[in-house]
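First up is the structure itself, then whatever we jot down about it.
The values are calculated or read from the model by the stated rules, or taken from the named source; none is laboratory data. Fair warning: this is a prediction, and the values are worked out from it, not measured in the lab. No Cβ is skipped: glycine too gets one built from the backbone with ideal geometry, and neighbour counts run over all protein chains shown. Ligands, DNA and RNA are stripped out before the accessible areas are found, and what is left, the full protein with its side chains, is counted by its heavy atoms. Shrake-Rupley method; radii C 1.70, N 1.55, O 1.52, S 1.80 Å.
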Amino acid sequence: MRILVAVPADPTPAGPTPAGPAPAGPAPTAPVTALREIAFQLERAGAPTYRVRAFRRAAQVVAELPAGQLERRLGDGTLRTLNGIGEVTAEVITQAAAGQQPAYLTRLLEEQGGPAAPSAMRAALRGDCHTHSDWSDGGSPPGEMAEAARALGHEWIALTDHSPRLTVANGLSPERLEAQLALVSRLNSELAPFRILAGIEVDILEDGSLDQREDLLARLDVVVASVHSKLRMPADPMTARMVTAVRNPHVDVLGHCTGRLLGGRRGGRPESEFDPDAVFGACREHGVAVEINCRPERRDPPGRLLALAAETGCLFSIDTDAHAPGQLDWLENGCERAERHGITPDRVINTRAAGQLAGRAR
């Protein structure tokens, strides 16, 4: 799928934006849009992070230029003296400013081919219950993720950054989560009728408790509970751990249940061992959706467990677990797997309107 968006910068997650001179006028949108679309397509294709960052950084530099400065630099050949603009990004900017589709973007689109017709399941999805921003380990601000989701046809996304104990992913302390809730409220007033659902991907701790304050979990629209530590626990304690979490009235989705990795930059990782009948039975009993994770290196749960969850009568959530805007377009990966196992849209919670999800009985 091709996406063309020009998005505003978000407030930074840690403290106020540093003071500085305000731009004299709006920056040209064509180069910014082209740079961001290239970054989106690279993310969608799973390109290395450093390549994506080069284009997103260049887009930010151009967007922050005072009115008229881009034209002057293009005219006098000083574009590349700007920190963050290299040979390739300068060529993209020059071509886009001249009203051309940059050759780099043309090549990317040709390599990926035309968009395939969406499956019936994909057409039924209204949003994505599991996404990350640069407030934890994602690469883009919440507003940029939301704008990309809206451009893809979503009605909503759930912002589910990590909880505090996952320090490697810059998990959100209670204070930072409260600050993010305030940001989500402001963004929703700007983006309406599109909606960001306030959420979290909360760690399931070893005893099955959740890694965030109960009063804050109660304020959220979507709580995805996932195991991220001690993944090699013996099956019995792992089963008890997961069932305890599923029984928590705040939990809406059981995230990537086996924790497996099939390769990618983090390498492979085997499935966690647990009693799937007990875990999926608890999910069915408590109305917790089993996540069908769309990340190419996860594809979790595996086919045999997805079939069992379907036979058990579970609800599902088809989620990208996106850490960048381009990854929001991975939903078809999970839709195809769901349809293959006979799962119908009425059993998938992200076919529902935002208000239905936010109002789910706890």
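Just checking the listed ones, 33, 81, 320: in the Gaussian network model of the chain with Cα springs under 10 Å, the one fluctuating most is 81.
Calculate the length of the line joining the C-alpha centroid of the range 222-245 to that of the range 104-163, in whole Å. Each part reduced to its Cα centre gives a spacing of 28 Å. Per residue, the solvent-accessible area of the chain (1.4 Å probe, heavy atoms of protein chains only, all protein chains present) comes to 42 Å². Anyone know which of 54, 103, 148 comes out most mobile in the 10 Å Cα GNM of the chain? Among 54, 103, 148, the largest GNM mean-square fluctuation belongs to 103. Of the beta bridges in the range 207-362, as assigned by DSSP with both residues counted there, near 20 percent are antiparallel.
Less than 5 angstrom separates the built amide H of residue 172 from those of 162, 163, all sequence-distant by 5 or more or on a different chain. Farthest toward the positive end of the dipole of the range 105-144, out of 132, 118, 143, is the Cα of 118, where the dipole comes from beta carbon charges about the Cα centre.
For the chain, the antiparallel share of DSSP beta bridges with both residues in that region comes to about 10%. When you work out D = kT/(6 pi eta Rh) for the range 243-362 at 25 °C and 0.890 mPa s, using the Kirkwood radius from C-alpha pairs as Rh and the Stokes-Einstein form, the result is 168 µm²/s.
Using the per-residue mean of other Cβ atoms lying within 10 Å as a proxy for protection, in what order, highest first, do the peptides 274-281, 122-129 fall? Provide the component values of the computation, followed by the final result.
Details: 274-281: 19.6, 122-129: 22.4.
Ranked from most to least packed, the peptides come out as 122-129, 274-281.
Protection proxy ranking, highest mean first, for peptides 71-78, 41-48: 41-48, 71-78, where packing is the per-residue count of other beta-carbon atoms within 10 Å, averaged. Per-atom-type breakdown for the chain gives carbon and sulfur 52% of the accessible area (1.4 Å probe, protein chains only). Of all the options 140, 229, 189, the one that moves most in a Gaussian network model of the chain with Cα springs shorter than 10 angstrom is 189. Each 5 Å bin from zero holds the following percent of Cα-Cα pairs in the range 167-326: 2, 9, 17, 21, 21, 15, 10, 5, 1, 0.
Rounded to the nearest 0.05, what FRET efficiency do residue 340 and residue 206 give with R0 = 56 Å and r taken as the Cβ-Cβ distance? Could you check? Mind dumping the intermediate values first?
Working: r = 34 Å, r/R0 = 0.61.
After rounding, the FRET efficiency stands at 0.95.
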